[in-house]
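What follows is calculated from the coordinates using simple rules that are stated; it is not laboratory data. Worth saying up front: this structure is predicted, and the values here are computed from it rather than measured. Cβ atoms come from the backbone with ideal geometry, glycine included; neighbour counts cover every protein chain shown.
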Amino acid sequence: MRNFTIIYIVVFVFLAFSKVTHAQIVISKPNLGFSQACASPSFNTYNVTFSFSPEAGISASNQFIIELSDDSGSFSNPTVLYTSVQGTVTVSPATLSFSVPTTIAGEAYKVRVKSTSPVATSTGSDAFAAYYKIQDTPFSINNLIDSGVYCNGGSYLLTIDNPGTGDNDSPLQYPSLTFNWYRETSPTTSVFVASGNSLSVNQSGTYFAETNYGTCTSNSFSNRVTVSESGTTSVSSINSSLGNPFCASQGTTTLSTINGNGYQWYKDGIEIPEATGQMYTTDESGIFSVAIDLGDCTADASIDLQSKDYTSSIDVPENNVIESDESLIATITTTANNPEFQWYLNDTMILNATESSFEATQIGNYKAVVTQTIGCVASTEFLFQITEAFPDVEKIPNLISPNADGFNDTWVIPQNYVSGTNTEVQILNSQGEIVLKTKDYLNNWPQTEINFKDVNPVYYYIITTSDNKTRKGSITVIK
């Protein structure tokens, strides 16, 4: 009986010892498959490798868990990055993949590995930088205006645009992001100035902002802005949200200028009523300017805004003279994409006149329209006039018969007195009233019907040349 008891005790101790040994494993320090976790919407997969021993020490229900520390490496409140399916990881060493949270941002994160059956925990990995680059494209500050001005003793506020202009992806749309501001010290070097969504500048220099992704490389940076101290008045610039030229068919463009205390906008030198904000919206072309109140000093800015993205020209002047048996060929040259052409005479469309060149044979007012049909759909008009050459008469006539018979209907005078010679022509009626006074006489008087009574009316002319020589006489009007 005693021997049986001894054997029972030995077997019990052996089984108990075996059970304890089976319930213990050791997990090694995780080996990172990366040096930095610079994640983004297009990439967020990272590997970690670890060993555990003995392999037989894990149960069939065991799960391995990857935990993430805070940005200082502390696991006091860890984040679970990955949990394996029960019993799927049984061979050591093992490599597992995980993704980092979209809010991660710091330089000293660590990961560790835990098991559930039996319970065991590794030491933390080497520290690594980790950032989720939710915004990784260039953005704009200062409304894309490359300059800023502050008065002596004052400052200029640089801000990140939100939402910004055009396709600008403002990082301010992502609340988790922070920003660093820098001042250039050379074309390739810069110094850190401050952190924040804006920067108050009181030192001349060129400044820019970057989204704070630590040691991770990034494309999330701003345009450069050169800030200077002003005297009494400074010159700044204006930005057009749709560029310049802009495409009017795409809608209005927003003009914006630098930060100031007050503004007044002008178009072609004329004040625009109630246009007193930092921005002004328009769909027109023209020279836009703005007066900016900076407090103790002022700044002015202007832009020659064009509403198309191509150029066109015509090879004839605005005024043209041809003989009765002559013609005029006009040709349009343009950089428009897939252009269409249309010609008009006296505001009436000329049928089949749809080429870049047109041969005009009639006198009158012509209009040519070229339209870009691909991309920015826009049109440009050209106006020109064709008149018949003045007849070369020798003497100033004293008799006309405006009866529409095509002969002597108007008062036709020698060419050295007509339009283009800077000669003043006056015609007075018998009461001494001026009925015509011009320095651009076109041999076309009278243009309206003259009423006859019992006798033929008599008019008087005074012709004064550019060198002040005068010719006077009378004009009798007969039927």
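Some notes on this structure:
- Label point distance in nm, Thr178-Arg471, each placed 7 Å from Cα along Cα→Cβ: 9.0 nm
- Aspartates and glutamates whose Cα lies under 14 Å from that of Lys472, excluding same-chain neighbours fewer than 8 positions away: Glu424
- Scoring 417-429, 248-260 by mean Cβ neighbours within 10 Å over their residues and listing the highest first yields 248-260, 417-429.
- Sequence-separation-based contact order of the stretch 273-429, relative, with Cα cut under 8 Å and 6+ spacing, percent: 16 percent
- Cα long-axis angle, helix 2-22 against the chain (0 to 90 degrees, to the nearest 10): 10 degrees
- Between the C-alpha center of the stretch 194-265 and that of the stretch 391-420 there is a gap of 65 Å.
- Sum of -39500 (n - 2.57) over DSSP H runs of 4+, divided by residues of the chain (222 nm, nearest 500): -1500 deg cm²/dmol
- Answer label, with Rg and Dmax of the Cα atoms in Å calculated from the coordinates and candidates (1) 23.9, 79; (2) 43.4, 170; (3) 21.3, 69: (2)
- Antiparallel content of DSSP bridges confined to the chain, in %, to 5: 85 percent
- Bridging of Lys479 to aspartates and glutamates at a Cα separation below 15 Å is possible for Asp405, Asp409, Glu449, Asp454, once same-chain residues fewer than 8 apart are set aside.
- Cross-link reach list, aspartates and glutamates versus Lys308, counting only Cα pairs under 16 Å and skipping chain neighbours closer than eight places: Asp283, Glu284, Glu340, Glu381
- Sorting Ile141, Ile396 from the fewest to the most surrounding beta carbons within 10 angstrom yields Ile396, Ile141.
- The slack in the chain from Asn403 to Ser53, taken as 0.36 nm per residue of separation less the alpha-carbon distance, amounts to 113.8 nm.
- Linear extension gain, Thr188 paired with Thr252, 0.36 nm per residue minus alpha-carbon span: 19.3 nm
- Greater than 21 Å apart at Cα, pairs in Lys110/Lys133; Lys267/Lys367; Lys395/Lys469; Lys367/Lys439: Lys267/Lys367; Lys367/Lys439
- Cα→Cβ-extended label distance, 7 Å offset, between Asn451 and Ser155, nm: 8.0 nm
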